[in-house]
Amino acid sequence: MNNQHNSPSMSALDDELNWFAFQYVSGELPEAQSEAFEEVLADDLAACEAVAAMSEMALQLNDAVTVEQSPVTRQSEFARPAQTSIRSWIAVGSTMIALGWLFMLLNSQDTNTQPNIGATQAEDAAGLIAGWAGNDQEEALTDEILFDLETFDLNDESTPDIPGWMIVAVSLENAEEAMGDIMHEPVEMKEN
Amino acid sequence: MTAEKSDRLTREELEALYAEHSDELRAFLRGVLRDADLAAEALQMTFVKLIEQGETANRTTFKGWLFKVALNEARGIRRRSRREEKLLRQPVWQTGNETLSLEETLIRQESVEQLRDLIQKLPPEQQTILKLRLRDEITFATIAEQLELPLGTVLTRMRAALKTLTLQLRERES
């Protein structure tokens with residue numbers, strides 16, 4: 001068997017042998033030519049080495065062009081953010097549904113504890129009124145209000161009792177309006 | 001009888017021959033058989049023959065002897081597989097994945113990276129033919145039809161690309 005030259009340059013014979021070997025390993029040669037080439041392989045070490053080299057070269061070339069350049073690979077790379085986005089939306093949706101269920105659950109628990117709400121709301125209202133009033137005298141009044149609101153039945157359709165403080169407040173407001181009217185009367189008219 | 005025994009290859013010699021030639025033989029067998037598993041089987045049988053009959057070979061031409069035995073084993077396996085024609089039409093890169101060690105995988109990856117760089121430096125018309133044949137697995141005849149080029153032109157471009165890549169790889173190795 002002859003041996004192939006290993007210098008960086010390539011002889012015409014090496015080039016021819018490599019090209020034949022590449023066509024052979026690519027399955028491009030017709031059957032008759034493939035068989036003829038195998039007869040050469042039986043006696044020519046250089047041809048065997050060319051087949052080994054081109055076989056390895058073809059495998060590596062395939063890897064090189066497939067991994068980097070394939071549109072399928074590129075498509076999958078671009079598809080990745082879209083998949084992430086879909087997953088994010090699914091996560092957001094799931095969280096919203098879970099929160100919805102939690103909210104409904106809490107609401108149902110609140111309905112069960114409804115009797116306490118009247119007292120709580122009464123306390124809040126009393127606090128607001130106390131803040132609005134801003135003096136001790138009216139703070140004492142708010143205790144009465146708290147008492148009234150606590151005992152107030154929402155389902156009672158009978159004629160509502162108007163609390164005394166409301167009547168007093170309305171009376172005071174009317175009195176202030178009357179005083180204001182008097183105070184802002186034109187001077188000329190007074191003179192008249 | 002004693003002389004025959006003394007001519008037989010020692011374990012160290014066998015291991016040295018395997019380390020030196022097994023990669024090239026495997027690539028050769030894969031090129032002939034177009035099947036990674038069948039190539040592995042042929043390689044094993046070749047070294048079994050070496051153990052059994054190695055003393056009959058001229059030690060200065062072991063490589064030639066190994067390739068010749070490997071080719072005979074490959075042709076025998078191909079005939080027995082009853083898919084001789086199909087195997088001969090199949091390109092070597094469709095032959096399934098061979099089992100590589102971590103070191104072999106790293107070496108392969110490095111070579112592939114080198115080739116990728118070199119391919120990008122080829123003239124665009126050569127890159128096109130190379131990719132259509134190896135990536136898209138279109139035969140040269142179909143490429144010529146699709147690109148409306150003479151078949152000779154397609155083959156010339158592919159051959160030029162292959163020559164450039166082989167030379168540049170050799171330069172890098174040397």
For region B:106-174, the Debye formula with one identical point scatterer on each Cα and no solvent gives log10 I(q)/I(0) at q = 0.15, 0.17, 0.18, 0.23 Å⁻¹ as -0.51, -0.63, -0.69, -0.98
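Enumerate by residue number the GluC sites (Glu not before Pro) in region B:4-94 meeting two conditions: DSSP loop (anything except H, G, I, E, B), and at most 16 other Cβ atoms within 10 Å of the site's Cβ. Walk me through the numbers on the way to the answer.
Details: sites: B:4, B:12, B:13, B:15, B:20, B:24, B:41, B:52, B:55, B:73, B:84, B:85; in loops: none.
Hits after loop and neighbour filter: nothing returned.
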Rounded tilt (10° steps) of B:102-120 against the dominant C-alpha axis of chain B: 30 degrees
One checks the Cα atoms of chain B and finds Rg and Dmax, in Å, of 20.0, 70
Counting only other chains, what is the mean number of Cβ atoms within 10 angstrom of the Cβ of each residue in peptide B:161-169? 4
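Please work out the average accessible area per residue across chain B, using the 1.4 Å probe convention, and give it in Å². Could the numbers behind the result be given before it?
Values: 9890 Å² over 174 residues.
On a per-residue basis, chain B sits at 57 Å².
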Helix B:151-173 against the longest principal axis of chain B: what's the angle in degrees, Cα atoms only, rounded to the nearest 10? 50 degrees
Tell me, what ³J(HN,Hα) does each residue in region A:40-48 have, in order and in whole Hz, if you take phi through Karplus 6.51 cos²θ - 1.76 cosθ + 1.60 with θ = phi - 60° and put x for Gly and Pro? 5, 4, 4, 10, 10, 5, 4, 5, 4
Contour minus end-to-end for residue B:148 and residue B:164, with contour as 0.36 nm per residue of separation and end-to-end as the Cα-Cα distance? 3.3 nm
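Largest first and in whole Å, give the semi-axes of region A:12-69's equivalent ellipsoid, each being the square root of 5 times a Cα gyration tensor eigenvalue. Before the final figure, lay out each step's value.
On the way: eigenvalues 101, 33, 16 Å².
That gives 22, 13, 9 Å for the three semi-axes.
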For region B:8-89, report the convex hull volume of the alpha-carbon atoms normalised per residue, in Å³, without decimals. 80 Å³
Taking chain B as the reference, fit the longest principal axis to its C-alpha atoms, fit the long axis of helix B:124-134 to the helix C-alpha atoms, and give the angle between the two in degrees, 0 to 90, nearest 10. 50 degrees
Chain pair A, B: total accessible area buried, heavy atoms, 1.4 Å probe, Å²: 4500 Å²
Let me check something: with ligands and nucleic acids excluded, how do B:67, A:20 order by accessible area (1.4 Å probe), largest to smallest? A:20, B:67
What ranking do A:55-66, B:123-134 get when scored by the average of other Cβ atoms within 10 Å per residue, highest first? A:55-66, B:123-134
10 Å Cβ neighbours from other chains, averaged over peptide B:148-158: 1
Could you work out what % of the accessible surface of region A:12-69 is carbon and sulfur, using a 1.4 angstrom probe and leaving DNA, RNA and ligands out of the count? 57 percent
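The values are calculated or read from the model by the stated rules, or taken from the named source; none is laboratory data. No experiment lies behind these values; they were computed from the predicted model shown. Ideal geometry is used to build each Cβ from the backbone, glycine not excepted, and the neighbour counts take in all protein chains shown. Calculation scope for accessible area: heavy atoms of the full protein, side chains included, ligands and nucleic acids excluded. Shrake-Rupley method; radii C 1.70, N 1.55, O 1.52, S 1.80 Å.
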